[in-house]
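The values are calculated or read from the model by the stated rules, or taken from the named source; none is laboratory data. Because the structure is a prediction, the values reported are computed rather than measured. Reconstructed Cβ throughout: ideal geometry from the backbone, glycine too, with neighbour counts over all protein chains shown. Heavy atoms of the whole protein, side chains included, go into the accessibility calculation; ligands, DNA and RNA do not. Shrake-Rupley method; radii C 1.70, N 1.55, O 1.52, S 1.80 Å.
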Amino acid sequence: MKAIRVGQHGGPEVMRLEDLPDPRPGAGQVVVRVKAVGVNRVDTYVRAGAYPRLPDLPYTPGIDAAGVVEAVGAGVTRVRTGQRVYVAGSFGGTYAELALCAEAQAHPLPERLSFSQGAAVPVPYATAYRALFQRAVARAGETVLVHGASGGVGTAALQIARAAGLTVIGTAGSDKGRDLARREGAHQVLDHRAPGYLDQIGALTGGRGADVILEMLANVNLARDLKVLAPGGRVVVIGSRGTVEIDPRDTMGRDASILGMSLPNATAGEAASIHAALGAGLENGTLRPVVGRELPMMDAARAHALVLEPGSYGKIVLIP
Ligand code: NAP
């Protein structure tokens, strides 16, 4: 099979298309013929060697994919050969024509969704779901501020929160991103590049503040987030690219919480619960992954440059 390989950490150019032996499934394993690969920011951090958990070199990048089950190993019961699935993690990477994964990492992909949409599901939707419900324990009737709503995690969070009965405020840095946020579930949309934009949270929440904030850029926003939280409010730190100074008093008066969150910390039970919920949402149409761009897999280097650019709009997907 063809696969993208990284022989040394560095810029996007270190990714090369190579021939590798086809994987064979062992007991409890599944081989998926990959039709689309979801590109995540974390793929670029790992490639650059700037991530706490790094694979041994050389390696094949990628966590997310969607495709058709090509072969199953002994004892596999959850999926069958020929079934459409999305893949949330694998043993050897997903930037490849074939992905080898554990049975528990392959999840049914309803017919209504394209493979590219399926590849947009795993990391973004699982992150949004875990942040909202496993960390912030968000409840119907609460207000959530999705701080960075135009990207993969943000649009997923808008759809999930809206379907769960929350009032949703989303931010984006471009007109296109704000239109997307509005379309994907935000009741109200703000421009995170406009000075003083968070001053509007008071008026939008009847003076109460946001019960939950999903934060994509905590090093820039955390100090101001704490000032627009409702009593008992929770900020979930999903993304951050540096340090930040906060006033701890902003948490005291509100009994507020700052919650860290990392998707790989989800236990097997939590992951199963996340994907059961996502499966239901994909099936009933409340979750509709937005694909911004499809590129051939040989353009992986270009995809890694594009995924870091501002002005997010939907998911970047590679086609093997
Ligand atoms: P993405 O698709 O590239 O989107 C990035 C988002 O951040 C866009 O909505 C962007 O908005 C927004 N943004 C830019 N400047 C901002 C600002 N000043 N304030 C608020 N938002 C701002 O990335 P993603 O896949 O959604 O991931 C979002 C973040 O979560 C990344 O940092 C990623 O590494 C992290 N992440 C963490 C986990 C975890 O387990 N903790 C899992 C997945 C992702 P505009 O482009 O419209 O300005």
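For a quick check of your reading of the filter: which trypsin sites (Lys or Arg not before Pro) in the range 232-320 sit in a DSSP loop and have no more than 13 other Cβ atoms within 10 Å?
Arg241
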Whole-Å distance, taken between Cα centres, linking the range 255-320 and the range 1-48: 17 Å
Please build a GNM for the chain, connecting alpha carbons under 10 Å apart, and tell me which residue among Ala131, Ala300, Ala277 fluctuates the most. Ala277
Summarise the accessible area of the range 246-320 (1.4 Å probe, protein heavy atoms) by the percent that is carbon and sulfur. 54 percent
Please express the shape of the range 51-201 as an equivalent ellipsoid: the semi-axes are the square roots of 5 times the eigenvalues of the C-alpha gyration tensor, given largest first in whole angstrom. 34, 17, 14
Divide the volume of the convex hull of the Cα atoms of the range 124-264 by its number of residues and quote the answer in cubic angstrom per residue. 97 Å³
Would you kindly calculate the translational diffusion coefficient of the range 1-124, applying Stokes-Einstein with the Kirkwood radius from alpha carbon pairs, for 20 °C and a viscosity of 1.002 mPa s, and quote it in µm² s⁻¹ without decimals? 149 µm²/s
Here the range 55-63 yields Karplus 3J(HN,Hα) values (6.51, -1.76, 1.60; θ = phi - 60°; whole Hz; Gly and Pro given as x) of x, 5, 8, x, 9, 9, x, x, 10
Ordered by packing density, taken as the mean number of other Cβ atoms within 10 Å over each peptide's residues, highest first, how do 220-228, 34-42, 82-90 rank? 34-42, 82-90, 220-228
Most fluctuating residue of Val291, Val68, Val244 in a GNM of the chain with Cα springs under 10 Å: which is it? Val244
Anisotropy class of the range 123-206 from Cα gyration tensor, a/c 1.5 cut: oblate
Rounded to the nearest 500 deg cm²/dmol, what is the calculated helix-only ellipticity per residue at 222 nm for the chain, with -39500 (n - 2.57) per DSSP H run of length n ≥ 4? -7000 deg cm²/dmol
In square angstrom, what is the accessible area per residue of the chain with a 1.4 angstrom probe? 43 Å²
Please compute the modelled spin-label separation between Tyr197 and Asp247, points set 7 Å along Cα→Cβ, answer in nm with one decimal. 2.3 nm
Here the FRET efficiency for Glu18 versus Ala140, based on Cβ atoms and R0 = 45 Å and rounded to 0.05, is 0.35
Rg/Rh over Cα atoms for the chain, Kirkwood Rh, comes to 0.98
Project the alpha carbons of the range 77-139 onto their principal axes and report the range along each, largest first, in whole Å. 38, 28, 24
